[in-house]
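Down below is the structure, laid out as structure tokens.
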Amino acid sequence: MKTRVFQEQVFQALDRFRIELPSWGFANTGTRFGKFLQPAAAATAEEKLADAGEVNKLTGVCPTVALHVLWDLPNGLEDVAKVREIADRRGVRPGSINPNLFQDQEYKYGSFGNPDADVRGRAVQHVYESIAMARRLHSRDISLWFADGSNYPGTANIRQRKLWFEECLQAAHAQLSPEQRLLIEYKPFEPAFYHTDIADWGMALHMARAAGPRAKVLVDTGHHYATQNIEQIVAWLLVENMLGGFHFNDRRYADDDLTLGSIDPYQVFRIFHEILFFEWETGAAADIAYMIDQSHNLKGKIEAMIQTVNMAQQLFAKASLVDYEGLAAAQKAPDLIRAEACLQDAFSTDVRPAIAEWRASKGLPQDPLEAFRQSGYLERITAERAGHNSSGSTAYA
Ligand code: RM4
Ligand code: MN
Ligand code: MN
């Protein structure tokens, strides 16, 4: 009986859990010291969406792919029809649209925070175009991450830049269709090493509120200082109805973009727990975009992505097993040991057999990683792509 209930809970959790893949996670990326090229890496939108389609085919839970405008739609609106066609053919849909406000030379001193009004204007224009592209791609979320900041004390007017950000974000928000959302990401440092304009969740929350009602906060799990209590941030954003989505990855030191749960799976579990406990207590369904933001330099890119999806499913399923009634009672008593055990019991439950059964019930491979290894897909793309992937500069300087 208990087993049946447990399996039903896992099935229900997995039925509603979807996670978005990042197109850039399939491309050759590197550290600032250089790139290690992989012969199978995707170089074009066609290849990135093909790889994402393969992950979705094997896992069944990644129907959308986040796109970075400059990398995937370099000709802007002109590329929309092509990308839609490729996505259709590869069995995925365009997901969040990520404007690029950090790569052009003119963003050397910032984008929305640039002291030059012309540069700010062009940055806003780029976001307008991204919103229009998102609309034509039927993408709901426009996801903003800013590299803006400064490296030396006194070199930037922090208060003035805050005002410019508010103005630019309001202008961007005004362009949204009623169904679209603006997600605002924060990051404490890098590439700027003295101050970052949107450095933490409080600043992102402020900016989202200043932008307008359809702006929400995006939590990238790698964008926090060590020991920061991310699940508390999540809990606060939930009650404020300001949690828009996640960029999942793991970190040890800074923005390490490591595989989700590879360093601290309990932290991801605790994040999911806060979300599910909130839903249980309020009866409301949290509307959150779960997205992966990882670049794998050493692991095989597609395998690492399957591994990530698998880990996310496991941790979400475990979090769904918390005995909420028992937890609420123990918190009220308060019975500290019992309350903590509610989380620990769920976290220690082995959900892998139930997940395999859920996959079988959907006609999916029970072990998607093994299925990928047997599929011959990697060998095929390696042969197709090795030629164009072996060239190109990998140097730091
Ligand atoms: C940042 C951030 C953004 C991503 C860029 C490329 O660190 O995580 O989400 O778009 O990297
Ligand atoms: Mn991110
Ligand atoms: Mn990042």
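The values are calculated or read from the model by the stated rules, or taken from the named source; none is laboratory data. Note that the structure is a prediction, hence the values are computed from the model and not measured. As a convention, Cβ positions derive from the backbone with ideal geometry for all residues, glycine included, and neighbour counts pool all protein chains shown. Please note that ligands, DNA and RNA were not included when accessible areas were found on the heavy atoms of the full protein model with its side chains. Shrake-Rupley method; radii C 1.70, N 1.55, O 1.52, S 1.80 Å.
Take every Cα pair under 8 Å in the chain that's 6+ residues apart, average their separations, divide by the length, and report that relative contact order as a whole percent.
After rounding, I find 19 percent.
Given the chain, report the % of alpha carbon pairs whose separation exceeds 39 Å.
For the chain, the share of Cα pairs beyond 39 Å comes to 18 percent.
Roughly speaking, to the nearest percent, how much of the stretch 134-282's 1.4 Å accessible area is carbon and sulfur?
Roughly 53 percent of what the probe reaches on the stretch 134-282 is carbon or sulfur.
Keeping all protein chains in place, calculate the accessible area per residue for the chain (probe 1.4 angstrom), answer in Å².
On a per-residue basis, the chain sits at 46 Å².
Under a Cβ-Cβ cut-off of 12 Å, what is the net charge of the residues other than Asp250 that fall near it, where Lys and Arg count +1 and Asp and Glu count -1?
With Lys, Arg at +1 and Asp, Glu at -1, the net is -4.
Tally Lys and Arg at +1 and Asp and Glu at -1 over the other residues with C-beta under 12 Å from the C-beta of Lys162: what net charge comes out?
Summing Lys and Arg as +1 and Asp and Glu as -1 gives -2.
Using a 1.4 angstrom probe with every protein chain in place, what is the largest-first accessible-area order of Met242, Met203?
Descending accessible area places them as Met203, Met242.
Give, as a single signed number, the net charge of other residues whose beta carbon lies under 14 Å from the beta carbon of Lys299, with Lys and Arg counted +1 and Asp and Glu -1.
Residues close to Lys299 contribute a combined charge of -3.
Ranked highest first by the average count of other Cβ atoms within 10 Å around their residues, in what order do 139-147, 169-177, 102-110 fall?
139-147, 169-177, 102-110
If you rank Leu70, Leu163, Leu364, Leu315 by how much accessible surface each has, with a 1.4 Å probe, what is the order from largest down?
The ranking, largest first, comes out as Leu163, Leu70, Leu364, Leu315.
Restricting everything to alpha-carbon atoms, can you work out Rg to Rh for the stretch 57-125 with a Kirkwood hydrodynamic radius?
Using Cα coordinates only, the ratio equals 1.12.
Under 5 Å between amide H atoms, partner at least 5 residues away or on a different chain: which partners does Tyr290 have, H built in plane at 1.01 Å?
Glu20, Phe246
Quick one: Cα convex hull volume of the stretch 152-248, Å³ per residue?
Residue-normalised Cα hull volume stands at 103 Å³.
Carbon and sulfur together cover what percent of the accessible area of the stretch 1-109 at a 1.4 Å probe radius?
Here carbon and sulfur together make up 52 percent of the probe-accessible area.
Note down the accessible area of Thr29, probe 1.4 Å, to the nearest 10 Å².
30
In sequence order, what are the phi-derived ³J(HN,Hα) couplings for the stretch 319-332 according to the Karplus relation 6.51 cos²θ - 1.76 cosθ + 1.60 with θ = phi - 60°, rounded to whole Hz, with x for glycine and proline?
Coupling constants for the stretch 319-332: 4, 6, 8, 4, 7, 5, 5, x, 5, 4, 5, 5, 5, 6 Hz.
For the stretch 299-348, with all protein chains present and a 1.4 Å probe, just round the carbon and sulfur fraction of the accessible area to a whole percent.
In the stretch 299-348, the share of accessible area belonging to carbon and sulfur is 55 percent.
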